[in-house]
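Worksheet: one structure, shown below.
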């Protein structure tokens, strides 16, 4: 009955143009903001639905939204408004990997995707490390903490990427990793509180066309690490915790 009501409600709202046919409130898909409910499947269904309808924004408002890995699809962006926190689960088994990258938000081979807003992506680093350690001690994981740790954003073979305004914190793996992608815009974001000294802020591998603007990064590892094969990189007003300009490390 609940699913039928949701379907009827969505069709009614869309037919009336109340969401401008492009903006979708996360709550319409049963996504909970209580910080307890695991929303992975609901968020993924919302992304898939929006992509199938031609694209748009999945908008999150005030609250804590617990989730495991979700995959962005072409022409879909996630908007985290001020007060919205996308929280990574501490269970390592709720994260998936694509092309040797494991993260909370992923995409592979997609176009025109984004993550924007003034909200937060929270990695729960200490809790993730605790759970990984327990699994290793029990013999369930045959990997080091560094190898098993998920990042926050990992995008590969994508084009037309826009990441703007968000705050990322408490990652165990890399905060953001781009590989074999092009037309990348990262603007006005902050990266804070790495969970381990190995946590890298921004990792670039074989990308083309990257604009980094107004970034604030607070990590112990090199803030931006490139494989030396990424090209056409522009950096404007990008600072570290000491107020110095960020540098690429190949």
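State the extension gain, in nm to one decimal, for the chain segment bounded by residue 211 and residue 142, taking 0.36 nm per residue of separation less the distance between their alpha-carbons.
On the way: separation 69, 0.36 × 69 = 24.84 nm, distance 3.78 nm.
Full-extension gain reported as 21.1 nm.
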* Asked: So what's the convex hull volume per residue for the Cα atoms of the stretch 20-69, in Å³?
  -> 65
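Quick one: in the stretch 82-191, what % of C-alpha pairs are over 21 Å apart?
Numbers: 2191 of 5995 pairs.
Beyond 21 Å sits 37 percent of the P(r) for the stretch 82-191.
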* To do: Please express the Cα-Cα pair-distance distribution P(r) of the chain as a list of whole percents, one per 5 Å bin, running from 0 to the bin with the greatest distance.
  => 1, 6, 13, 18, 20, 16, 11, 7, 4, 2, 1, 0
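At 222 nm, what helix-only mean residue ellipticity would the chain give, in deg cm²/dmol to the nearest 500, using -39500 (n - 2.57) for each DSSP H run of four or more? Mind showing how you got there, number by number?
Details: 4 runs with 45 residues, N = 250.
Helix-only estimate at 222 nm: -5500 deg cm²/dmol.
Got the relative contact order for the chain handy, in percent, Cα pairs under 8 Å and 6 or more residues apart? Don't jump to the answer; show the numbers that get you there.
Working: 661 pairs, mean separation 29.0, N = 250.
Averaging sequence separation for qualifying contacts and normalising by length gives 12 percent for the chain.
So between residue 236 and residue 118, what do we pick up on full extension, going 0.36 nm a residue minus the alpha carbon distance?
Answer, rounded to one decimal: 40.5 nm.
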* **Segment residue 157-residue 23, length gained on full extension (0.36 nm per residue, minus Cα span)** => 45.7 nm
* To the nearest 10 degrees, how steep is helix 125-137 against the longest Cα principal axis of the chain, on a 0 to 90 scale? -> 80
* Structure fact -> Taking Cα pairs closer than 8 Å and at least 6 residues apart, the relative contact order of the stretch 137-231 in percent is 25
* Using label points projected 7 Å from each Cα along Cα→Cβ, tell me how many nm separate residue 244 and residue 229, to one decimal. => 2.9
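No value in this document is a laboratory result; all are computed from the given coordinates. What you see is a predicted model, and the numbers here were worked out from it, not measured in a lab. Backbone-built Cβ (ideal geometry, glycine too); neighbour counts: all protein chains shown.
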